[in-house]
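S.K.: What follows is a structure written as structure tokens; I'll ask about it next.
Where a number appears in this text, it was derived from the coordinates with a stated rule and is not lab data. This is a predicted model, so every value here is computed, not measured. Here the Cβ positions follow ideal geometry from the backbone for every residue, glycine too, while neighbour counts run over all protein chains shown.
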Amino acid sequence: MTGEQDHLGEMLTRLKLTAIRDQLDGLLDEAAKRDLTLRETVGLLCEREIARKDERRIEMALSIAKFPFVRDLAGFDFKAQPSLDPKQIRELATGRFIANGETVLLLGPPGVGKSHLAVALGRATILAGYTVLFIQATTLVAALAKAHADGRLDDKLAQLAKPKLLIVDELGYLPFEPNAAHLFFQLVARRYERGSLLITSNRAIGEWGIVFGDPVVATAILDRLLHHSHVVTIRGDSYRLREKRRSGLLKTALPAPGEALAAT
Ligand code: ADP
Ligand code: MG
């Protein structure tokens, strides 16, 4: 009997049915207890195997995505952010925009939840089956510039074109060098209609010429980004400051810019 069991175990290993292999006795007991037919039993085994494979894929995809922190949509307080349409965000969370190769721009002042939503949407689209990479705009530009200097730009662009969704956070906090704008353009062109981009920025679209330091390249970039896009503009003041104000740590009046920085 043990020989037979070993042989079955080996076959399940070879077929990579590791959940069935590891839980076989328990699953067969369960099938007997529930009086399942043979066909239903095969169904139960497949279900468990698929559940394990999904779990592994999600775990792996979350670690590859390199999110800087854990946030999800359940933890986002839509009531605190009336400028957002929860329906639009839930629609984005299905990942359909990725299937359609569309771009998402999350725009708004600091502290209104852009990065929170970017991470939450990234997680949601991983659950929906997509691959995601999260990167800070400054890190991205530095990596492109280094690859360019090392003569490996094409490899880097190919690597950055792989994830179905590339999330670029905090575009515009620092202005680009002229060459950086051109490198970013190449990335956008490479991904154009092949995968999606989700970009967060504290700058309105009209200011992107300044961000990129080159109005011609900025126009070329925006032309592609805005072609099939969802522009989500978040208004209002910083969530962190609002929470502090509510708990009495800050005066109700708007703080001076220096104070706002110190408080964050
Ligand atoms: P931004 O990227 O726009 O500067 P963040 O996403 O970093 O802002 O938000 C700042 C902090 O406030 C984060 O910890 C975030 O989770 C939290 N936050 C912002 N808006 C909300 C909200 N509507 N509901 C819950 N938490 C929020
Ligand atoms: Mg942010």
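S.K.: Every residue in the range 34-74 that is over 27 Å from the mean Cα position of the chain (by Cα) and not in a helix (DSSP H, G or I), please.
M.R.: Selection gives Arg34, Asp35, Leu36, Thr37.
S.K.: Follow-up. Considering only residues that are part of a helix (DSSP H, G or I) and under 22 Å from the mean Cα position of the chain (by Cα), look in the range 223-239 and name the one that is farthest from Pro86 (Cα to Cα).
M.R.: To start, the set of residues in the range 223-239 that are part of a helix (DSSP H, G or I) comprises 223-227, 239.
Next cut, under 22 Å from the mean Cα position of the chain (by Cα) only: 224-227, 239.
Values: Arg224: 26, Leu225: 23, Leu226: 22, His227: 23, Tyr239: 17 Å.
Checked the range 223-239; the qualifying residue farthest from Pro86 (Cα to Cα) is Arg224.
S.K.: Can you find, within the range 78-104, the residue that is surrounded by the most Cβ atoms within 10 Å (Cβ to Cβ) among those that are of a type in the set (Gly, Ala, Ser), assigned to a helix (DSSP H, G or I) and in contact with a helix residue (DSSP H, G or I) (Cβ under 8 Å, 6 or more places away or on another chain)?
M.R.: Taking the range 78-104 first, the residues of a type in the set (Gly, Ala, Ser) are 80, 83, 93, 95, 99, 101.
Then keep just the ones that are assigned to a helix (DSSP H, G or I); that gives 80, 93, 99.
Next cut, in contact with a helix residue (DSSP H, G or I) (Cβ under 8 Å, 6 or more places away or on another chain) only: 80, 93.
Details: Ala80: 14, Ala93: 20.
Only one residue tops the list, namely Ala93.
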